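Report on one structure; see the data block that follows.
The values are calculated or read from the model by the stated rules, or taken from the named source; none is laboratory data. What you are looking at is a predicted structure, and each value in this text was computed from that prediction instead of being measured. Please note: Cβ atoms are built from the backbone with ideal geometry, for glycine as well, and neighbour counts cover all protein chains shown. What goes into the accessible areas is simple: the full protein's heavy atoms, side chains included, and nothing from ligands, DNA or RNA. Shrake-Rupley method; radii C 1.70, N 1.55, O 1.52, S 1.80 Å.
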There are 2 protein chains.
Amino acid sequence: MTPTHASVATRTAEIFHALSDETRIELIHILRRGEKCVCDLTSALDAAQSRLSFHLKVLKDAGLVTDRKQGRWVHYELNDHAFAEAHRLLTGLEPQVVPHLKKAEGCC
Amino acid sequence: MTPTHASVATRTAEIFHALSDETRIELIHILRRGEKCVCDLTSALDAAQSRLSFHLKVLKDAGLVTDRKQGRWVHYELNDHAFAEAHRLLTGLEPQVVPHLKKAEGCC
DNA sequence: TTGACTCACCAAGATTTTTTGATATGTTGT
DNA sequence: ACAACATATCAAAAAATCTTGGTGAGTCAA
């Protein structure tokens with residue numbers, strides 16, 4: 001089934017929203033090197049635990065990270081597929097190359 | 001000069017924030033076909049002019065669109081370069097392929 | 001010059017997102 | 001069982017974003 005325009009726009013907004021906050025970008029930056037537990041992240045960013053928990057949830061809801069529970073710890077990891085999807089969605093917004101569309105002279 | 005980590009994160013947040021709103025995504029979708037004036041956009045989206053003006057400014061500040069004044073009209077157009085930049089920034093967030101990093105057993 | 005028109009911008013209000021501090025749940029080691 | 005720990009979640013406050021209605025600047029045609 002092909003997605004509707006609206007659902008594509010909604011998903012596009014969601015995934016890019018997840019990427020639109022500096023704290024989340026720093027989290028992702030740390031996670032690029034591989035799985036980390038929340039405690040590693042809080043000490044790396046020197047941020048309150050509940051704050052990171054909030055941001056990790058935004059990333060997880062958008063599908064950008066996955067989590068793995070192990071004992072008392074929860075490990076987060078980046079999800080390749082979501083990044084590939086983000087590239088595709090971005091491509092879907094790019095200007096279409098149209099041969100030679102002349103500029104409008106007047107308008108409306 | 002190579003950009004600082006902070007400035008890359010800031011720029012990443014800005015460009016993806018611009019792409020994180022459905023109204024702006026719809027605007028971009030219309031602009032994919034080529035330059036349009038604000039009046040075309042307001043009638044296409046059936047939205048208040050001041051509302052679109054706000055969103056167009058967000059897109060313009062992020063560098064995603066350029067504008068061109070002609071008489072009473074202002075034409076907006078997508079900017080290829082910014083989309084290329086967005087792809088690069090997105091790539092800079094992707095998981096790095098690390099040979100075989102074993103999962104942490106314990107933690108902290 | 002006047003009036004109609006396109007658009008940017010501003011201020012106020014509405015809505016959404018983020019931060020903070022507190023509490024709850026489950027785990028581990030003693 | 002108990003204490004220490006890791007994490008999620010909640011409510012309230014703070015901050016940021018978005019919408020709305022209004023105004024003003026510039027352009028054009030009559």
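Looking across the stretch A:55-79 at every residue that is more than 14 Å from chain B (Cβ to nearest Cβ) and in contact with a strand residue (DSSP E or B) (Cβ under 7 Å, 6 or more places away or on another chain), the one that is nearest to DNA strand C (Cβ to nearest atom) is identified as A:Leu56. When the stretch A:13-42 is examined, which residues are found to be in a helix (DSSP H, G or I), free of Cβ contacts under 8 Å to residues at least 24 places away in the same chain and facing chain B (nearest Cβ under 8 Å)? If the condition is that a residue be in a helix (DSSP H, G or I), free of Cβ contacts under 8 Å to residues at least 24 places away in the same chain and facing chain B (nearest Cβ under 8 Å), then A:Ala13, A:Glu22, A:Ile25, A:Glu26, A:His29, A:Asp40 are the ones that fit.
More than 13 Å from DNA strand D (Cβ to nearest atom) and open to solvent by less than 30 Å² (accessible area, probe 1.4 Å): does that describe A:Ala6? So A:Ala6 fails the test.
Which members of the stretch A:36-53 meet the condition of being more than 6 Å from DNA strand D (Cβ to nearest atom) and within 17 Å of the chain's Cα centre (by Cα)? Answer for the stretch A:36-53, where residues must be more than 6 Å from DNA strand D (Cβ to nearest atom) and within 17 Å of the chain's Cα centre (by Cα): just A:Leu52. Screening B:Leu52 against (1) facing chain A (nearest Cβ under 9 Å); (2) open to solvent by less than 60 Å² (accessible area, probe 1.4 Å); (3) assigned to a helix (DSSP H, G or I) leaves a single unmet condition, (1).
What do you reckon, is A:Lys60 out of contact with any helix residue (DSSP H, G or I) (no Cβ under 8 Å at 6 or more places or on another chain) and charged (D, E, K, R)? So A:Lys60 passes the test. Here A:Ala82 fulfils each of the conditions (1) over 19 Å from B:His5 (Cβ atoms); (2) within 12 Å of DNA strand C (Cβ to nearest atom); (3) in contact with a Leu (Cβ under 6 Å, 6 or more places away or on another chain) apart from (2).
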